[in-house]
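Worksheet: the structure to be examined is printed underneath.
The values are calculated or read from the model by the stated rules, or taken from the named source; none is laboratory data. These figures come from a predicted structure and were not determined experimentally. In this analysis, Cβ positions are derived from the backbone assuming ideal geometry, glycine residues included, and neighbour counts consider all displayed protein chains.
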Amino acid sequence: MKERENCLVKACFAGSAAEAAQMLNFLSQHEIAASAEAGSLKVYEGNSPSGQAILVAEEDASRAEELLRGFAPIRTYAFRREGGQAILGRWGGRVLAGFCLFFLLLPLFLLFVKQLF
């Protein structure tokens, strides 16, 4: 029996840990061994914002890529997105930041006014 080389190659890319788990399960159902390689922030946060690469054996790469081309994982986002941008949008974020800044600076301003009188 010929020994297989343990050379892993990237078959596709998953946007989150949940998507990667779905892809790994799908490949497993088609008898392709795979693993997910996450970015360095997974160690600290539990999920890498840069996503995860799906790795398979070199000899299974073309079949895995073909299978995953037709596979659509359930997308997971922290915010609902439309057009690639979060619903809150740029202006909503600025208004929210302005309110936060106002309530952080208000006590300092009141202390300053109290010192004057």
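Might you let me know whether segment 1-13 holds any residue that is under 16 Å from R69 (Cβ atoms), in a loop (DSSP other than H, G, I, E, B) and either modelled with pLDDT of 80 or more or not aromatic (F, W, Y) (or both)? The answer is no; no qualifying residue exists. Can you spot a residue in segment 34-47 that is at pLDDT 90 or above and hydrophobic (A, V, I, L, M, F, W, C)? Yes.
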